[in-house]
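Novice: There's a structure below that I have some questions on.
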Amino acid sequence: MTSVTATARSGGKAGGTGRPAHRPRPVDHGAWFLVLPALIPILVLSVGPLLYGVALAFTDAQSGRTRSTQWVGTLNFQDLLHDTLFWESFRIGLLWAVGVTVPQFVLGLGLALLLNQNLRFRWLARALAIIPWAMPEVVVGIMWRLVYNPDAGILNETVRDLGLGDGRDWLTGLATALPAVTAVGIWAGMPQTTVALLAGLQNTPQELHEAAALDGAGAWRRFRTVTWPALKPVALAITALNFIWNFNSFALVYVLTGGGPGGRTRLPMLFAYEEAFRYGQFGYAAAMGCVMVAVISVLLALHLVGRLKGGEDR
Amino acid sequence: MNGLRPSGPARAGQYLALLGYLAFLAFPFLWLISTAFKPARELASLHPTWLPDDPTLGNFRQAFAEQPLLRAAGNSLIAALGAALIAVAIATPMAYVMARHRGRLSAAATGWVVISQAFPFVLVIIPLFLVLKNLHLLNTLSGLVMVYVVWSLPFALWMLTGYVRAVPAELEEAAAVDGAGRLRTLVSVTAPLLAPGIVATALFAFITAWNEFFFALVLLKTPEKQTLPVVLTRFLGAEGVADLGPLAAAAFLATLPSLVVFAVIQKRITGGMLSGAVKS
């Protein structure tokens with residue numbers, strides 16, 4: 001706190017208030033006054049807990065224990081290394097994240113391209129796209145449980161109507177559970193992706209499109225040479241965010257399957273949640289969180305490197 | 001799109017694709033509504049129909065009788081309103097600084113906004129649980145509001161920084177030249193221009209908190225305190241098939257506030273996301 005006030009004071013001297021300001025202005029008293037109401041909660045409830053969480057990973061912290069918590073070094077991580085259940089969960093988490101993110105992007109791009117055309121009824125698609133976006137995740141899960149319901153669900157009824165057999169119990173079948181929840185994940189996240197991509201499309205230069213069309217370039221060539229280069233930054237950003245959000249997702253699968261059957265849909269978040277709040281293993285669960293952050297950071301770094309290289313090509 | 005009008009078959013293909021998207025987006029929601037209005041007898045039928053033959057409000061009555069939905073909605077409302085109001089109240093000044101001053105502080109804040117998107121909540125929730133426990137705020141709505149405020153700050157800062165940048169700094173400088181003080185300029189020049197953005201951000205923070213599940217699940221233990229999403233999952237208990245109707249009815253009701261609010265602010269939110277994105 002002392003360093004903060006010191007900076008504020010010196011900043012106040014340097015940045016006099018009388019003159020019409022030029023940008024960039026130095027931080028002054030006023031700025032600190034404006035920032036502190038948000039900064040303190042961020043430090044106390046976000047940055048602090050994050051560091052505390054990392055520290056917990058190196059302890060044997062458990063819930064409701066009377067004996068004091070001890071430092072155990074990297075013991076949790078060594079245990080984690082041999083925890084086949086956790087790595088199975090991690091594998092499912094990656095399958096889920098990729099299985100949701102890639103179709104989200106492909107389908108989102110398709111819809112964005114359609115909405116960018118002068119089609120009738122596109123207002124309807126825009127209106128419908130609000131539903132998955134605004135809906136509570138818990139309700140999305142409940143809704144799809146009704147769709148997948150083996151007896152009263154519309155999916156099995158459609159399967160029966162089409163003469164494709166008696167249908168099945170999608171969410172409890174060992175083979176169908178993960179694909180079924182993945183479809184829900186795609187449905188839930190597609191609108192955001194579409195809206196981001198559509199905004200990107202509307203920033204692409206229309207004149208270039210027309211010039212390319214006059215030169216006789218077909219739709220695919222126009223997409224590759226005009227649209228995609230302009231869209232690429234938005235596409236990379238939304239895909240990276242989608243991947244992170246999907247990897248960290250919890251509520252949807254918690255409601256749909258609770259991680260079952262037999263752990264087939266137990267995402268890492270569900271695994272860590274159970275470890276922490278069902279079995280009370282705070283230290284061990286924190287170590288899982290650290291591993292998740294580390295893996296995401298590495299993937300993100302690779303993604304950013306790829307993005308920078310992509311930028312040099314242009 | 002002049003001069004780029006696709007040929008007849010291509011147009012037809014586009015409409016077909018659009019139809020496919022419309023069906024995919026709409027059908028689960030239509031099914032939810034249909035189930036909510038079906039009497040128990042139809043729900044038990046082995047050949048469910050798209051539309052209820054004999055629509056009823058019985059499921060809604062039963063839902064309110066089975067679970068304390070009104071109390072849960074009240075809890076959700078308190079948590080969401082509290083979070084939205086406090087979040088914009090503290091985020092707006094900070095976003096102003098982030099937009100107008102480029103210094104180490106703004107860079108650090110922007111960095112936090114980006115990094116906080118990548119936290120797995122599990123790494124934050126255990127410490128938050130312990131911190132709130134020590135503050136005796138576990139299992140209280142105030143504790144939940146505090147968590148929601150911080151949790152909605154990254155997005156609020158991102159949006160508001162974009163909105164502030166859209167207000168030309170020259171306007172403020174002109175006011176300063178005319179002799180208006182710093183505070184006067186902020187109140188009479190900047191704030192009115194910022195107001196629509198602040199309202200949109202508050203409404204978005206409201207929906208996010210209204211919809212939130214994970215923190216509420218972990219931090220609220222007693223049924224009297226639980227918010228709507230947590231109470232909804234209690235319909236999923238061991239009761240099974242018999243409860244499909246009330247479950248659908250309650251889920252449908254819980255969605256309505258979010259849908260209405262979101263329909264109002266959708267344009268502004270997408271605009272804000274981009275203005276934040278383009279400049280950073």
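Novice: When the Cα centres of the range B:87-157 and the range B:4-74 are compared, how far apart do they sit, in Å?
Specialist: What the calculation gives is 37 Å, centre to centre.
Novice: What value, in deg cm²/dmol to 500, does the helix sum -39500 (n - 2.57) over DSSP H runs of n ≥ 4 give at 222 nm once divided by the residues of the protein assembly as shown? Don't skip to the answer; put the middle values down first.
Specialist: Working: 28 runs with 421 residues, N = 594.
For the protein assembly as shown, the value works out to -23000 deg cm²/dmol.
Novice: Additional query: Rounded to the nearest 20 debye, what is the charge dipole size of the range B:70-222 about its Cα centre when +1 sits on each Lys and Arg Cβ and -1 on each Asp and Glu Cβ?
Specialist: Details: 9 positive and 5 negative charges, 76 e Å.
The calculation lands at about 360 debye.
Novice: Given springs between every Cα pair under 10 Å in a Gaussian network model of chain B, which of B:Gly58, B:Gly74, B:Gly179 has the largest fluctuation?
Specialist: B:Gly179
Novice: Between A:Leu95 and A:Leu51, 0.36 nm times their residue separation minus their Cα-Cα distance comes to what? Could the numbers behind the result be given before it?
Specialist: On the way: separation 44, 0.36 × 44 = 15.84 nm, distance 2.89 nm.
Difference between extended and current length: 13.0 nm.
Novice: Explain nothing, just the number: dipole magnitude of chain A about its Cα centre with +1 on each Lys and Arg Cβ and -1 on each Asp and Glu Cβ, in debye rounded to the nearest 20.
Specialist: Details: 24 positive and 18 negative charges, 215 e Å.
The dipole of chain A has a size of about 1040 debye.
Novice: For A:Thr59, what residues show an amide H to amide H distance below 5 Å, using hydrogens built from the backbone and excluding near sequence neighbours?
Specialist: A:Val72
Novice: Cα gyration tensor of chain A, axes a ≥ b ≥ c as square roots of the eigenvalues: rounded (a/c below 1.5), prolate (a/b > b/c) or oblate? Present the calculation step by step, with values, prior to reporting the outcome.
Specialist: Values: a/c = 2.09, a/b = 1.06, b/c = 1.97.
The shape class here is oblate.
Novice: Find the lysine pairs in the protein assembly as shown meeting two conditions, Cα atoms under 17 Å apart and a separation of 8 or more places or different chains, and report how many there are.
Specialist: Details: A:Lys232/A:Lys309; A:Lys232/B:Lys279; B:Lys133/B:Lys221; B:Lys133/B:Lys225.
Counting lysine pairs in the protein assembly as shown gives 4.
Novice: Further question: Give the dimensionless ratio obtained when the Cα radius of gyration of the protein assembly as shown is divided by 2.2 N^0.38 Å. Don't skip to the end; give the middle numbers.
Specialist: On the way: Rg = 25.6 Å, N = 594, 2.2 N^0.38 = 24.9 Å.
That ratio works out to 1.03.
Novice: With a ≥ b ≥ c taken as the square roots of the eigenvalues of the C-alpha gyration tensor of chain B, please select rounded if a/c is under 1.5 and otherwise prolate if a/b is larger than b/c or oblate if it is not?
Specialist: Details: a/c = 2.47, a/b = 1.37, b/c = 1.80.
Judged from the Cα gyration tensor, chain B comes out oblate (a/c at least 1.5, b/c at or above a/b).
Novice: How much length would be gained if the chain were fully extended between A:Val102 and A:Arg224, taking 0.36 nm per residue of separation minus their Cα-Cα distance, in nm to one decimal?
Specialist: Numbers: separation 122, 0.36 × 122 = 43.92 nm, distance 1.88 nm.
Gain on extension, A:Val102 to A:Arg224, equals 42.0 nm.
Novice: Same structure again: Which of B:Val122, B:Thr185, B:Gly245 sits closest to the plus end of the dipole of the range B:67-279, meaning its Cα is farthest towards the positive end, when Lys and Arg get +1 and Asp and Glu get -1 on the C-beta?
Specialist: Farthest towards the positive end: B:Thr185.
Novice: A further question on this structure: Among B:Ser142, B:Thr222, B:Thr110, whose Cα projects farthest towards the positive end of the dipole of the range B:67-279, with charges put on the beta-carbon of Lys, Arg (+1) and Asp, Glu (-1)?
Specialist: B:Thr110
Novice: Still on this model: Answer with one residue from B:Ala99, B:Ala87, B:Pro257: the one whose Cα lies farthest towards the positive end of the charge dipole of chain B, charges on Cβ with Lys, Arg +1 and Asp, Glu -1.
Specialist: After comparing all options, I get B:Ala99.
Novice: Then there is this: In nm, what is the difference between 0.36 nm times the number of residues separating B:Val114 and B:Ala166 and their Cα-Cα distance? Spell out each step's value before the answer.
Specialist: Numbers: separation 52, 0.36 × 52 = 18.72 nm, distance 2.07 nm.
That pair, B:Val114 and B:Ala166, stretches by 16.7 nm at full extension.
Novice: Whole-Hz Karplus ³J(HN,Hα) for the range B:97-104, in order, using 6.51 cos²θ - 1.76 cosθ + 1.60 and θ = phi - 60°, x for Gly and Pro?
Specialist: Computed from phi, the couplings for the range B:97-104 are 5, 4, 7, 9, 10, 9, x, 5 Hz.
Novice: With +1 on the Cβ of every Lys and Arg and -1 on the Cβ of every Asp and Glu, and nothing else charged, how large is the dipole of the protein assembly as shown about its Cα centre, in debye rounded to the nearest 20?
Specialist: I would put it at about 1560 debye.
Every number here is computed from the coordinates shown, using simple stated rules; none is lab data. Keep in mind it's a predicted model, so treat the numbers as computed, not measured. Because the Cβ atoms are built from the backbone with ideal geometry, glycine has one as well, and the counts that use them run over all protein chains shown.
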